[in-house]
Protein chains: 2
Amino acid sequence: MSVIDDVLTANQQFAKSFNYSGLAMPPKRKLAVLACMDARLAVDQMLGLEPGDAHVIRNAGGIVTEDALRSLIISHYLLGTQEFMIINHTDCGMLTFKDEELRARLERETGVPAIVPAAFHAFADVQGNVARQIGRLRADPWIPRSIAIRGFVYDVSNGRLSEVRETRTLHA
Amino acid sequence: MSVIDDVLTANQQFAKSFNYSGLAMPPKRKLAVLACMDARLAVDQMLGLEPGDAHVIRNAGGIVTEDALRSLIISHYLLGTQEFMIINHTDCGMLTFKDEELRARLERETGVPAIVPAAFHAFADVQGNVARQIGRLRADPWIPRSIAIRGFVYDVSNGRLSEVRETRTLHA
């Protein structure tokens, strides 16, 4: 039995006691979170979010890619979010490799040369990475200046979020 | 007080009763989920996932963008996931606009012409969209054929997942 079959069985149980009907499409708390895809990050729980509260965007590393930007633009312009929160974390897989190593491995194992993705966005410093992502968002001409943008590192050993202060952006 | 300040207060409470330390970086159930960012989707709950179980990738629409592909490649090659699950949902915001309308609005409101993102990936049919995303993943030369790839539509009115069968891919 596959894991997907297992989670579908779990979904049947979830649906039996489903009590989230009638929630509106726009996030109630006008918040969008961009976080890493890491399996240890229970994003809703760590932030006390309930279904309907916030958009949650996740990718490898919690990077402001073109796609994350696409999602955040849709989140704000079409669904009214006013605050963006970027969450990276300690012990991230993105600290464990270099883009060129992964690219070489993929080419070797599959026999297919690299086209997309153009970058894997591995990084060597979590705090610096968060600061860079804040900077990318602030620099984007389509993200209004009225939006609050703050960045954090989640500690997978104790569940705590630590803010990456804006001054880091200048020195990253 | 901002919403971000509120969720940081919630995080302090979360950290006080934190009991997820010691989880390994690779997802325990070798599963990666690509889902829409929609606020009503409690992905972990709807699938019965615990922290540490699965990678969760989310973007506007649950689209196999270059960035989602990047995350899935990292998920499989570096962290060992073997099954991919795509989740779109009923009443999706992506059904409510057209790319060119949003692009025109952004240009008008900001005075800055469009460069990135190149596409917003709005769609008109959820089932068809899921089928197309499955097809994109299956066609990618860097995604091994050994990986199980299945797609679903989550019904926000009752919490149920319905599978989009592979035959749909052929007729999408």
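The values are calculated or read from the model by the stated rules, or taken from the named source; none is laboratory data. Keep in mind the model is a prediction, meaning the values are calculated, not measured. Here Cβ is always computed from backbone atoms with ideal geometry, including for glycine, and neighbour counts include all displayed protein chains. Areas reflect the complete protein model, heavy atoms only, side chains present, ligands, DNA and RNA absent. Shrake-Rupley method; radii C 1.70, N 1.55, O 1.52, S 1.80 Å.
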Which pairs turn up if I take residues in segment A:130-143 that are within 13 Å of chain B (Cβ to nearest Cβ) and look for partners that are in a helix (DSSP H, G or I) and open to solvent by less than 20 Å² (accessible area, probe 1.4 Å) with beta carbon separation below 6 Å, at least 6 apart in sequence or on another chain? A:W142/A:I73; A:W142/B:L106; A:I143/A:L137
What single numbered condition from (1) facing chain B (nearest Cβ under 7 Å); (2) open to solvent by less than 40 Å² (accessible area, probe 1.4 Å) fails to hold for A:A122? (1)
Count - residues of segment A:149-162 that are open to solvent by less than 40 Å² (accessible area, probe 1.4 Å), facing another protein chain (nearest Cβ under 10 Å) and closer than 21 Å to A:A32 by Cβ: 4
Would you say B:V7 is without any contact (Cβ under 8 Å) to a residue 12 or more places away in the chain, touching a helix residue (DSSP H, G or I) at 6+ places or on another chain (Cβ under 7 Å) and β-branched (V, I, T)? yes
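Condition check ((1) modelled with pLDDT under 95; (2) surrounded by fewer than 24 Cβ atoms within 10 Å (Cβ to Cβ); (3) more than 26 Å from A:S75 (Cβ to Cβ)) across all residues:
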residue: A:L8; (1), (2), (3): no, yes, yes
residue: A:S21; (1), (2), (3): yes, yes, no
residue: A:P26; (1), (2), (3): no, yes, no
residue: A:K30; (1), (2), (3): no, yes, no
residue: A:L34; (1), (2), (3): no, no, no
residue: A:A42; (1), (2), (3): no, yes, no
residue: A:Q45; (1), (2), (3): no, yes, no
residue: A:D53; (1), (2), (3): no, yes, no
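Tell me yes or no: at least one residue of segment B:52-74 is closer than 25 Å to A:R70 by Cβ and hydroxyl-bearing (S, T, Y). Lay out the reasoning, then the answer.
Keep residues of segment B:52-74 that are closer than 25 Å to A:R70 by Cβ, which gives B:54-74.
Pick out the ones that are also hydroxyl-bearing (S, T, Y) and you get B:65, B:71.
Within segment B:52-74, one or more residues are closer than 25 Å to A:R70 by Cβ and hydroxyl-bearing (S, T, Y).
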Go through segment B:29-43 and report how many residues are within 18 Å of B:Q82 (Cα to Cα) and facing chain A (nearest Cβ under 7 Å). 3
What's the total number of residues in segment A:26-38 that are in contact with a helix residue (DSSP H, G or I) (Cβ under 8 Å, 6 or more places away or on another chain) and free of Cβ contacts under 8 Å to residues at least 40 places away in the same chain? 2
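What residue, among those in segment A:55-68 that are among the small types (G, A, S) and within 15 Å of B:S75 (Cβ to Cβ), is farthest from the other protein chains (Cβ to nearest Cβ)? Write out each step before concluding.
Here is the first cut: in segment A:55-68, the residues among the small types (G, A, S) are A:60-62, A:68.
With within 15 Å of B:S75 (Cβ to Cβ) added as a condition, the list becomes A:60-62.
Details: A:A60: 4, A:G61: 8, A:G62: 10 Å.
Filtering segment A:55-68 for residues that are among the small types (G, A, S) and within 15 Å of B:S75 (Cβ to Cβ), the one farthest from the other protein chains (Cβ to nearest Cβ) comes out as A:G62.
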Just to verify a result, which residue in segment A:133-148, among those that are in a loop (DSSP other than H, G, I, E, B) and open to solvent by 10 Å² or more (accessible area, probe 1.4 Å), is farthest from A:E66 (Cα to Cα)? A:S146
Within segment A:62-81, work out how many residues are open to solvent by 10 Å² or more (accessible area, probe 1.4 Å) and over 16 Å from A:P141 (Cα atoms). 3
